[in-house]
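Taking it in order: structure first as structure tokens, then the write-up.
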Amino acid sequence: MATAAINTKAIPIHFLCGTDEDAVKKAAADLAQKLAPEDAMNLETIDGRAITVDEAVQSIGKVREAILTLPFFGGGKLVWWKAVNFFDETGVGRHASVKEALEALQPDLAKVDGTSVTLLISALGIHKGRTFSKALLKVAQAKYFDLPDLRKTSEDEIIFQIERRMKAAGIRPGPGAAERFFQATGIDTSAWSQELEKLACFAGEGSAELTRDDVNRVISGSREVLIWDFCHAVLTGEAKPALAQLSALLAQDESEVGILILLAGQIRLAALAAVLRENKMLRLSRGSFTSAEVSPEGEAYLPRKKSGEPISTYALGQAAQRSQHRPARFWFQALALIYQAQKEMLTGESDKRRALELIVLEIVAG
């Protein structure tokens, strides 16, 4: 009886791409190690980073030469075209001469057989509508690594992603640890890798769970952390921490007006949360972090994105948790104070630093 043939042919071209530069870099390095020929002389790495058109064209020429040159002593050859930055419409990639050079490379891609020559390409982006891109994606095994899109992914999901990465790194995150990490690093995954490495060293093997305070000790001091802590100290009514964080921000040359605008955003969220809470349209739920559950009626009051969808409720939940000891009326009065102080700052009617410190104290004192 006939049996189905098993396809054992090696993959000739591997293409790794995405906006998550750190993930692309790591995946490409792992794959290069897996595909590396026994003879180190048969591994050829070509830098795909180009600042000028000439550098891009030269890089393309080196790839052509590499895939057409067979190993001197036989065996398979791996060509790694690394960190290519001109497959899209940004930088030098938009120039006609670069596009023409890429299109001229197309016939040579067909000569990559996965046995005598294997091609690994790692890139920071790709315009899929281009002639070269279409040809490449037809013959390559493609894998994409993209940063979370906050327009489509909630902050809650990003925090869950951070928790998963912590666990993969051998770290046991306790309540609030991943949330604090997110507040400090945002969605910068290159920072994630660096900071997770530091946290893993801090935690050590077989240690107890990583706490929010542990995260704060290791990665505190960044602008993002200071802003979070300053605004939250104001919302919770803690004068000493609020003034300390304010001084730290000013020491980093943050503008007084800029700080006031950031604080105004948090006060607006506190006012909105108070209105929803007082009308029984908002409930706080606690797990690894605090999140806000808004009723369908309450969603009608949420600010909208350009797409028309309501904003994420993560920031609303953070503001609600810290401001729930005061009524909506108080937060609307605080907003009025902030707008008056902003007007005085912009018209030069007051010393900016002193006005900012007074506003903070007035809001905190209540």
Identify all residues within the range 211-228 that are open to solvent by 40 Å² or more (accessible area, probe 1.4 Å), touching a residue at least 12 places away in the same chain (Cβ under 8 Å) and either within 11 Å of residue 364 (Cα to Cα) or of a type in the set (Asp, Glu) (or both); write none if there are none. 224
Condition first: more than 32 Å from the chain's Cα centre (by Cα), of a type in the set (Val, Ile, Thr) and at pLDDT below 90. Now tell me which residues in the range 313-366 satisfy that. 347
Condition met for residue 324 (without any contact (Cβ under 8 Å) to a residue 24 or more places away in the chain and open to solvent by 60 Å² or more (accessible area, probe 1.4 Å)): no
If you scan the range 312-366, which residues turn out to be out of contact with any Phe, Trp or Tyr (no Cβ under 9 Å at 6 or more places or on another chain), in a helix (DSSP H, G or I) and among the polar types (S, T, N, Q)? 321, 333, 340, 342
Can you name the condition, by its number, that residue 171 falls short on among (1) surrounded by fewer than 19 Cβ atoms within 10 Å (Cβ to Cβ); (2) outside any helix (DSSP H, G or I); (3) of a type in the set (A, V, I, L, M, F, W, C)? (1)
Just checking, does the range 57-78 include any residue being exposed (fewer than 13 other Cβ atoms within 10 Å of the Cβ), assigned to a helix (DSSP H, G or I) and at pLDDT below 90? no
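So that you can scan it fast, the table gives a plain yes or no per residue for (1) surrounded by fewer than 20 Cβ atoms within 10 Å (Cβ to Cβ); (2) within 18 Å of residue 17 (Cβ to Cβ); (3) in contact (Cβ under 8 Å) with a residue 24 or more places away in the chain; (4) of a type in the set (Asp, Glu):
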residue: 86; (1), (2), (3), (4): no, yes, yes, no
residue: 90; (1), (2), (3), (4): yes, yes, yes, no
residue: 100; (1), (2), (3), (4): yes, no, no, yes
residue: 103; (1), (2), (3), (4): yes, no, yes, yes
residue: 107; (1), (2), (3), (4): yes, no, no, no
residue: 115; (1), (2), (3), (4): yes, no, yes, no
residue: 122; (1), (2), (3), (4): no, yes, yes, no
Taking the range 273-293 on its own, how many of its residues are open to solvent by less than 30 Å² (accessible area, probe 1.4 Å) and either modelled with pLDDT of 90 or more or not hydrophobic (A, V, I, L, M, F, W, C) (or both)? 7
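The values are calculated or read from the model by the stated rules, or taken from the named source; none is laboratory data. Since the structure is predicted, the reported quantities are computational estimates derived from the model, not experimental observations. A quick note on method: Cβ atoms are made from the backbone with ideal geometry, for glycine too, and the neighbour counts reach across all protein chains shown. SASA here: full protein model, heavy atoms, side chains in, ligands and nucleic acids out. Shrake-Rupley method; radii C 1.70, N 1.55, O 1.52, S 1.80 Å.
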